[in-house]
Amino acid sequence: MDAVSRRLLKELQDLQRDRASSAATSELEELAPMDDADLLSWKATMRGPEGSPYEGGRFHLTIQVPSNYPLQPPKIEFVTRVCHPNVRFATGEICLDILKTAWSPAWTLRSTCLAIALLLNHPEPSSPLNVDAANLLRCGDQLGYESLVRMYTRIYAMQ
Amino acid sequence: MALSPRTSVVFVPRNAYGTSYHGLVQIGQTEHVVRVDLGGTPEHPQWRGARLLGSSALRELLSSQMDILQAKLELCESIEAFTAELEDVLEKQQQQKTVESSQSAVSLDKTPTVHASFYAGLMDELDAVGWDFVFELDDHSVVLCIDDSSGQRHTVRAIMFADFPAAPPRLENDYGVALRVERDVNGRWLTGALRHMNEIVARYQHVWQVLRHVDESLWVLDAEATASLRLSRRIVLANLVLLELTFHPERPETLPSWRFLGSEANIAPLRSRWHANRALWSTNATTRENLEVLLGFPPPTRPTETSESGGFECGICYAYSLEDELTVASGEGERTSLVPDVLCANQHCGRPFHRPCLIDWFRADPTARQSLGVIFGQCPYCEQSISASTLASRTPRM
């Protein structure tokens, strides 16, 4: 077995061991390989953080693990449409430093997903992929921003 | 490579109406007789319904093509057209055969010719050694085994070359001890090898017993790899604290050479205690008893969960032992596995890494810098600076 599979298998074991204790509290509802035969494609489901305009929504993500993981970060994208200053509305692409330059092998798939959950509630409007959402925040229109997010969450993430 | 055998096809009519033909098919040196009978009446011969008849030898030769030829025959308009078809099929088949036979010829070339003297010599040697000591035997190697007084089996593999017994065999064993390759007084190789192996077993019997005791009574990390005679053991003392002991091959009961592994804050008190108590090492006590005296606490025993590696897995690949692919690839035939040997110096972190994993990460990390065979970068966990030598280092062997 190659090094990538060994590491992913270990992450999967840790996930299964911690599942019972962490599922209730964490925003990460599901994190698992799409298919038992291929450890390089994963899917994740996260709940919108409580108290955020995403609350009540369920967001699906796909994770593509590169063959030289953990030297390279996994590619993670939203499948569910999400309105967020750092997520491209049309493609689900995520702008987060640890998915690009600030990646380190210390991150696991689980901790990376939790970082994305954290990003939902802590947008970074200075490096936007969704300029409309970012502009609302940059103009200080918190109410307008939250209403917009709540609307899209209701449309796309609450079926 | 042989030239492709010549094929030729000739047909002659058997009657004036041209409703039946005799044919001669030549493939290489052999000739085969075929017959083509047309359908219809003698007045109105028809190619539809024509039949191809041939000797059983030819039929066998063309087994897979026979049906195709029959189908083609019925579509032909003249005997000339069919002649061309048949020639085409035969030529293709011959080419295929030539390729196949040349391939098998190549594979045969790789096996050197073995003379009867090889087997005569080998049998003579094995008779002299005694068949009780023969553990495995195949056409170019023999494994001899010796059971020591404690019942452990030791093996030595002799690999014979084609010019054996004139040329010496190559001897391999698991112990990292080079065996002398020399003839005994009767000019035999294997008896000499077995005798030398016996000497080694007798000589190192003691150290093997001590090591086995260490493996059983202490939490030794790489115990799976201890079949070979590595004289060093890594013993878990606490989370992320290891003691590496290297035993003396002939006096294993004396104080082994030692090295603590872990973050400085954790190992400093252990090291000073060890220094202070060093003289208390007793040659009559077991290693475990001695460790307890020198460290001031009983060392932990191996947990029942076999997967636990004392938190000493590499922080990058998450595995404890890493097969050294370089060694395997270079064909030394000796598989070494690496254990995490670079530790983060930050006492709150102290993460262990395999040197190759860390080097791979530094190569992927644009902030890392290399200078004179050492790469400097940051610990992936705590960002403390950490370095790794790119020059190969090997675990000490006997």
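The values are calculated or read from the model by the stated rules, or taken from the named source; none is laboratory data. Computed from a predicted structure; not experimentally measured. Quick reminder, even Gly has a Cβ in these numbers, built from the backbone with ideal geometry, and neighbours come from all protein chains shown. The accessibility values were calculated without ligands, DNA or RNA, using every heavy atom of the protein model including side chains. Shrake-Rupley method; radii C 1.70, N 1.55, O 1.52, S 1.80 Å.
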Does A:Leu40 satisfy the criteria of being within 14 Å of chain B (Cβ to nearest Cβ), open to solvent by 10 Å² or more (accessible area, probe 1.4 Å), farther than 30 Å from A:Ser126 by Cα and touching a residue at least 12 places away in the same chain (Cβ under 8 Å)?
no
Restricting attention to segment A:65-114, report how many residues are in contact with a His (Cβ under 6 Å, 6 or more places away or on another chain) and either surrounded by 19 or more Cβ atoms within 10 Å (Cβ to Cβ) or of a type in the set (A, V, I, L, M, F, W, C) (or both).
1
Set A:Gly57, A:Gly51: member being farther than 30 Å from B:Gly377 by Cα, surrounded by 19 or more Cβ atoms within 10 Å (Cβ to Cβ), small (Gly, Ala, Ser) and over 12 Å from the mean Cα position of the chain (by Cα):
A:Gly57
Can you tell me which residue in segment A:60-98 is nearest to A:Ser111 (Cα to Cα), limited to those that are over 11 Å from the mean Cα position of the chain (by Cα) and aromatic (Phe, Trp, Tyr)?
A:Tyr69
Counted residues in segment B:132-162 being under 11 Å from B:Met197 (Cβ atoms) and either polar (S, T, N, Q) or in a strand (DSSP E or B) (or both) come to 8
For segment B:154-204, how many residues are among the basic types (Lys, Arg) and under 25 Å from the mean Cα position of the chain (by Cα)?
3
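Which one is nearest to the other protein chains (Cβ to nearest Cβ) among residues in segment B:366-375 that are in contact (Cβ under 8 Å) with a residue 12 or more places away in the chain and open to solvent by 20 Å² or more (accessible area, probe 1.4 Å)?
So in segment B:366-375, the residues in contact (Cβ under 8 Å) with a residue 12 or more places away in the chain come out as B:370, B:373-375.
Okay, now just the ones that are also open to solvent by 20 Å² or more (accessible area, probe 1.4 Å), so B:370, B:374.
Values: B:Gln370: 16, B:Val374: 19 Å.
Top of the filtered list is B:Gln370.
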Among B:Arg273, B:Arg251, B:Arg302, which is of a type in the set (D, E, K, R) and at pLDDT 85 or above?
B:Arg273
Filter result (surrounded by 12 or more Cβ atoms within 10 Å (Cβ to Cβ) and in contact with a helix residue (DSSP H, G or I) (Cβ under 9 Å, 6 or more places away or on another chain)) within segment B:260-279
B:Phe260, B:Leu261, B:Gly262, B:Leu270, B:Arg273, B:Trp274, B:Asn277
Residues of segment B:50-70 satisfying the condition of being surrounded by 14 or more Cβ atoms within 10 Å (Cβ to Cβ) and closer than 19 Å to B:Tyr21 by Cα:
B:Ala50, B:Leu52, B:Gly54, B:Ser55, B:Leu58, B:Arg59, B:Met66, B:Leu69
Report every pair of residues separated by at least 6 positions or lying on different chains whose Cβ atoms are under 6 Å apart, first residue within segment B:249-269 and closer than 17 Å to B:Pro352 by Cα, second open to solvent by 60 Å² or more (accessible area, probe 1.4 Å) and at pLDDT 85 or above.
B:Phe260/B:Arg271
Residue check, A:Thr62 against (1) surrounded by 13 or more Cβ atoms within 10 Å (Cβ to Cβ); (2) touching a residue at least 40 places away in the same chain (Cβ under 8 Å), all met but one. Which one?
(2)
For segment B:240-255, give me the residue count where each residue is surrounded by 19 or more Cβ atoms within 10 Å (Cβ to Cβ) and part of a strand (DSSP E or B).
5
If you go through segment B:71-89 one residue at a time, how many are without any contact (Cβ under 8 Å) to a residue 24 or more places away in the chain and open to solvent by 50 Å² or more (accessible area, probe 1.4 Å)?
6
Failed condition for B:Gly40, given (1) loosely packed, with under 11 Cβ neighbours inside 10 Å; (2) at pLDDT below 75, with all others met?
(1)
Conditions (1) at pLDDT 75 or above; (2) out of contact with any Phe, Trp or Tyr (no Cβ under 7 Å at 6 or more places or on another chain); number of the one not met by B:Val210:
(2)
